[in-house]
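Here's the structure, in C-alpha cells; my notes come after.
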Amino acid sequence: MKNYFAHETAVVDDGCIIGEGTKIWHFSHIMKKAVLGKNCNLGQNVLVSTDVVLGNNVKVQNNVSIYTGVTCEDDVFLGPSMVFTNVSNPRSAVNRRGEYEKTVVRKGATIGANATIVCGHDIGEFAFIGAGAVVTKEVKPYALVVGNPARHIGWMSEYGHRLHFDDTGIATCPESGDKYQMKDEQVLKIVVNQS
C-alpha cells in the first residue's frame with residue numbers, strides 16, 4: 001500500500017522509492033529508480049528522471065525538470081521553472097548518456113524561479129540562488145548569488161534573511177535570533193551549547 005499521494009494525472013514508473021507523506025501533483029512524471037524522501041511536495045508538470053535522489057521535505061514548484069545526475073539533500077526549495085542541466089556540451093546527434101555530470105544541492109538551499117544551474121557545480125548548505133540567476137560555478141554555504149552569470153553578493157541565514165556582519169564578524173538572523181560568524185570568507189552558524 002502506498003503511503004504517498006499522486007494525482008490521477010501523474011505518472012509514477014515502477015521501481016521508484018517514494019517516502020511517506022510525499023505529494024505529487026498534476027501531470028508530473030517520476031521515472032524508474034528515482035528516490036524521493038518523506039514529505040516532499042512536487043508541483044504541477046515536474047519531471048524527476050532516473051537515478052535522481054531527493055531528500056526529505058524537498059519542495060519542487062511547477063515546471064521543474066530534475067535530470068539524472070542531480071541530488072537534492074533535505075529541505076531544498078526549487079522555485080518555479082528553474083532549470084538543471086546534466087551535460088556541458090549537448091548535441092542532438094551525439095549521444096552523451098554516459099557522460100552525465102553530477103550536481104549536488106546541499107541541505108536547506110533555495111533556488112529561485114527561472115534560475116539555471118549549469119551541471120557539475122554544487123550548491124552549498126542554505127545557499128540562496130536569486131530568481132533568474134545562471135550558476136556557472138560552485139556556490140558556498142549560506143551564499144547569496146544573483147545575475148547572469150551568477151555572482152556572490154552577500155550571505156543568508158537558515159531562515160532566508162540577508163545577514164549583515166558587524167565589525168567583529170558576527171551577524172544575527174532577525175527572525176530566529178541565530179548568530180553567524182564570518183571567517184576566512186566563509187560563514188559558519190554559531191552553535192550555542194544548551195545543556
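The values are calculated or read from the model by the stated rules, or taken from the named source; none is laboratory data. Quick caveat: nothing in here was measured; it's all calculated off a predicted structure. Backbone-built Cβ (ideal geometry, glycine too); neighbour counts: all protein chains shown.
Here are the numbers for the structure shown:
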| quantity | calculated |
| --- | --- |
| Residue tally, condition outside any strand (DSSP E or B), more than 16 Å from the chain's Cα centre (by Cα) and aliphatic (A, V, I, L, M), over region 64-107 | 2 |
| Number of positions in region 84-100 that are surrounded by 13 or more Cβ atoms within 10 Å (Cβ to Cβ) and not polar (S, T, N, Q) | 5 |
| Residue count for region 1-28, restricted to those that are at pLDDT below 95 and either surrounded by 15 or more Cβ atoms within 10 Å (Cβ to Cβ) or of a type outside the set (A, V, I, L, M) (or both) | 1 |
| Criterion violated by GLN61 - all others in (1) free of Cβ contacts under 8 Å to residues at least 24 places away in the same chain; (2) among the polar types (S, T, N, Q); (3) out of contact with any Ser or Thr (no Cβ under 7 Å at 6 or more places or on another chain) satisfied | (1) |
| Strands (runs of 3 or more DSSP E) contained entirely in region 112-185, each with at least 2 residues that are in contact with a His (Cβ under 9 Å, 6 or more places away or on another chain) and surrounded by 16 or more Cβ atoms within 10 Å (Cβ to Cβ) | 143-146, 170-172 |
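Quick grid of which residues meet (1) at pLDDT 95 or above; (2) in contact with a Ser or Thr (Cβ under 7 Å, 6 or more places away or on another chain); (3) closer than 19 Å to ASN57 by Cβ; (4) not hydrophobic (A, V, I, L, M, F, W, C):
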position	(1), (2), (3), (4)
THR71	yes, no, yes, yes
LEU78	yes, no, yes, no
SER81	yes, no, no, yes
ALA93	yes, no, no, no
LYS107	yes, no, yes, yes
GLY112	yes, no, yes, yes
HIS121	yes, yes, no, yes
GLY147	yes, no, no, yes
ARG151	yes, no, no, yes
